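Some notes on the structure that comes next.
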Amino acid sequence: MTSPARMTEEGRDPTALRERVIAALRTIYDPELPVNIYDLGLIYALDLAPNGRVDIRMTLTAPGCPVAQSFPAQVEKSVRTVAGVSDAHVEIVWEPPWEPGRMTEAARLQLGLV
């Protein structure tokens with residue numbers, strides 16, 4: 001059986017934690033496109049502190065996005081559920097502006113852009 005201390009250490013392994021946070025981000029979909037926010041290229045920075053705090057800089061596909069006010073809280077809530085995350089903060093940024101070239105190959109295929 002794994003001790004609680006060991007579980008905490010494993011939960012905060014930077015590589016594994018980053019992978020779990022990215023997996024959580026991939027469950028959140030853009031309200032206007034049927035693609036998750038990570039593969040859409042909306043995540044500009046993902047910083048993980050040793051204490052488990054996750055800071056995310058992200059953008060939206062358009063400044064007038066109808067969920068601009070509520071979306072950061074939704075992303076924070078989802079990331080906070082990840083094992084090893086102690087807190088999450090999302091900052092919406094507009095520079096550089098989002099453009100379709102930021103999408104992953106998978107997202108372009110999903111949208112029929114390839």
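Side notes on the structure shown:
- Criterion (over 12 Å from the mean Cα position of the chain (by Cα), of a type in the set (A, V, I, L, M) and within 17 Å of residue 21 (Cα to Cα)) met by exactly one of 106, 83: 83
- In region 95-112, the residues that are of a type in the set (A, V, I, L, M) and in a loop (DSSP other than H, G, I, E, B): 103, 111
Let's see how each residue does on (1) surrounded by fewer than 13 Cβ atoms within 10 Å (Cβ to Cβ); (2) of a type in the set (S, T, N, Q); (3) modelled with pLDDT of 95 or more:
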{"residue": "3", "(1), (2), (3)": "yes, yes, no"}
{"residue": "6", "(1), (2), (3)": "yes, no, no"}
{"residue": "11", "(1), (2), (3)": "no, no, no"}
{"residue": "15", "(1), (2), (3)": "yes, yes, no"}
{"residue": "19", "(1), (2), (3)": "yes, no, yes"}
{"residue": "22", "(1), (2), (3)": "no, no, yes"}
{"residue": "35", "(1), (2), (3)": "no, no, no"}
{"residue": "38", "(1), (2), (3)": "no, no, yes"}
{"residue": "48", "(1), (2), (3)": "no, no, yes"}
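- Residue that is nearest to residue 53 (Cα to Cα), among those in region 67-99 that are aromatic (Phe, Trp, Tyr) and surrounded by 12 or more Cβ atoms within 10 Å (Cβ to Cβ): 71
- A single entry from 75, 54, 82 fulfils the requirement of being part of a helix (DSSP H, G or I) and touching a residue at least 24 places away in the same chain (Cβ under 8 Å): 75.
- Residue among 86, 70 that alone is out of contact with any helix residue (DSSP H, G or I) (no Cβ under 6 Å at 6 or more places or on another chain) and modelled with pLDDT under 95: 70
The values are calculated or read from the model by the stated rules, or taken from the named source; none is laboratory data. In this text the structure is predicted, and so the values were computed from the model without any measurement. So basically every Cβ, Gly included, is an ideal-geometry build from the backbone, and we count neighbours across all protein chains shown.
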